[in-house]
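**Student:** Just passing along the structure, written as structure tokens.
Every number here is computed from the coordinates shown, using simple stated rules; none is lab data. Keep in mind that what you see is a predicted model, and the values were worked out from it rather than measured. We place every Cβ from the backbone using ideal geometry, glycine too, and count neighbours over all the protein chains shown.
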């Protein structure tokens with residue numbers, strides 16, 4: 001690793017630490033030439049996921065696009081940025097564990113809704129209304145009814 005100040009190639013690691021739940025390593029380095037200290041991060045490089053949209057258009061998975069949609073769904077709720085970052089990371093991990101380089105938007109949407117339903121009901125309904133494109137009030141009411149059934153079922157299960 002070259003020094004970020006003088007570009008010398010003789011640098012040494014003076015400290016390493018796991019970050020992001022073991023998904024990355026933070027390394028403090030020092031240049032042997034100018035003694036400048038700097039930080040680098042090492043992480044596993046994963047293959048790019050391709051998202052297959054409903055109209056069969058393919059594009060590279062963009063976690064920021066998913067995060068932006070979730071921020072809109074969670075406006076004026078108690079859901080924190082940290083919770084949303086964790087949700088997106090969990091979904092991303094699940095997508096990579098499928099070992100399929102292409103994933104449908106419906107698969108992503110279902111994974112997000114599953115996690116969002118446990119996080120915040122209002123955000124879940126907002127996200128579902130955009131994702132499922134409710135055609136009328138009846139389909140929206142059916143979704144709300146399903147949420148109620150799920151909630152009362154989980155209360156009875158405890």
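**Student:** Which whole-number percentage describes the relative contact order of the chain, with Cα contacts under 8 Å and a sequence gap of 6 or more?
**Tutor:** Working: 164 pairs, mean separation 23.0, N = 158.
RCO, the chain: 15 percent.
**Student:** Equivalent-ellipsoid semi-axes (√(5λ), Cα gyration tensor) for the stretch 58-130, whole Å, largest first?
**Tutor:** Details: eigenvalues 86, 28, 25 Å².
So the three semi-axes of the stretch 58-130 are 21, 12, 11 Å.
**Student:** I'd like the FRET efficiency for residue 68 and residue 41, computed as 1/(1 + (r/R0)^6) with the beta carbon distance as r and R0 of 30 Å, rounded to 0.05. Display every interim value, and only then the final one.
**Tutor:** Working: r = 24 Å, r/R0 = 0.79.
Computed FRET efficiency for residue 68 and residue 41 comes out at 0.80.
**Student:** Using only Cα atoms and rounding to the nearest 10 degrees, what angle (0 to 90) does helix 81-97 make with the longest principal axis of the chain?
**Tutor:** Approximately 90 degrees, to the nearest ten.
**Student:** Have a look at the DSSP beta bridges in the chain and tell me what percent are antiparallel, nearest 5. Let's see the in-between values first.
**Tutor:** Numbers: 18 of 21 bridges.
Rounded to the nearest five, the antiparallel share is 85 percent.
**Student:** Just subtract the alpha-carbon distance of residue 130 and residue 145 from 0.36 nm times their residue separation and send over the number in nm, one decimal.
**Tutor:** Details: separation 15, 0.36 × 15 = 5.40 nm, distance 1.75 nm.
The span from residue 130 to residue 145 would gain 3.7 nm if fully extended.
**Student:** Here's a follow-up. Considering all projection directions equally, how large on average is the shadow of the alpha-carbon convex hull of the chain, in square nanometres? Write out the running numbers ahead of the final one.
**Tutor:** On the way: hull surface 54.2 nm².
Orientation-averaged projected area of the Cα hull: 13.6 nm².
**Student:** Helix 105-119 versus the longest principal axis of the chain: what is the Cα-based angle in degrees, 0 to 90, to the nearest 10?
**Tutor:** 80
**Student:** Between residue 77 and residue 94, what is the spin-label point distance in nm, taking each point 7 Å from the Cα along the Cα→C-beta axis?
**Tutor:** Computed distance between label sites residue 77 and residue 94 equals 1.5 nm.
**Student:** Taking R0 as 35 Å, what's the FRET efficiency between residue 137 and residue 86 from their Cβ-Cβ distance, rounded to 0.05? The partial results should precede the final answer.
**Tutor:** Details: r = 33 Å, r/R0 = 0.95.
With R0 = 35 Å, the Cβ-Cβ based efficiency is 0.55.
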